[in-house]
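In what follows, a structure is listed as structure tokens, so that the remarks can point back to it.
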Amino acid sequence: MEEPYTMESDCLFCKISHGQTPTEILFENDTLVVFKDINPHAPVLLLFVPRKHIRSVNDLTDEDQGILSELIVAAKKMAKEHGVAKSGYKLIFNVERGGGQVIFHLHLHLIGGWH
Ligand SMILES: [Zn+2]
């Protein structure tokens, strides 16, 4: 199969989304992968990562709008699967260092599990 997205060789999330780490993938499709945060500070903390390398929200282009909506729809489904849809959750994009971004490959955090 032809790989549609190029990888940044030193990017952890590119490696994970291209299956080059032992990370357990909870869900994946052509656009994105979902896995647990390795250092969770909440009962449920999932990361939604597009396969395409986009540095941050600042780097989104008009053609990335489909990726964004897929991330959010996947988050909605995973919230239900993890039993936090009713109790509630946050969806967060950290943007650049001042916004708490640590890995410079766009990702959506799903945080929840408090009652
Ligand atoms: Zn990347």
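The values are calculated or read from the model by the stated rules, or taken from the named source; none is laboratory data. Source: prediction; values computed, not measured. Note: ideal-geometry Cβ built from the backbone for every residue, glycine included; neighbour counts use all protein chains shown.
When restricted to residues that are within 11 Å of PHE13 (Cα to Cα) and assigned to a strand (DSSP E or B), segment 35-62 contains 5.
The set of residues in segment 12-46 being of a type in the set (Lys, Arg) and away from the ligand (no atom under 11 Å from the Cβ) consists of LYS36 alone. Got a number for residues in segment 77-109 being more than 16 Å from the ligand (Cβ to nearest atom), part of a strand (DSSP E or B) and hydrophobic (A, V, I, L, M, F, W, C)? Counting residues in segment 77-109 that are more than 16 Å from the ligand (Cβ to nearest atom), part of a strand (DSSP E or B) and hydrophobic (A, V, I, L, M, F, W, C) gives 2. Look at ASN58 and say whether it is modelled with pLDDT of 95 or more and either away from the ligand (no atom under 16 Å from the Cβ) or not polar (S, T, N, Q) (or both). In short, no. Just so you know, in segment 5-22 the residues that are more than 14 Å from the chain's Cα centre (by Cα) and hydroxyl-bearing (Ser, Thr, Tyr) include one that is nearest to PHE35 (Cα to Cα), and it is THR21.
Pairs, please: C-beta under 7 Å, at least 6 apart or cross-chain, first residue within 20 Å of GLU70 (Cα to Cα) and in segment 99-115, second polar (S, T, N, Q) and in a loop (DSSP other than H, G, I, E, B)? Once the first residue is within 20 Å of GLU70 (Cα to Cα) and sits in segment 99-115, its partners that are polar (S, T, N, Q) and in a loop (DSSP other than H, G, I, E, B) give PHE104/SER56; LEU106/SER56; GLY112/SER87.
Of the residues SER9, SER69, the single one that is of a type in the set (S, T, N, Q) and either away from the ligand (no atom under 16 Å from the Cβ) or at pLDDT 95 or above (or both) is SER69.
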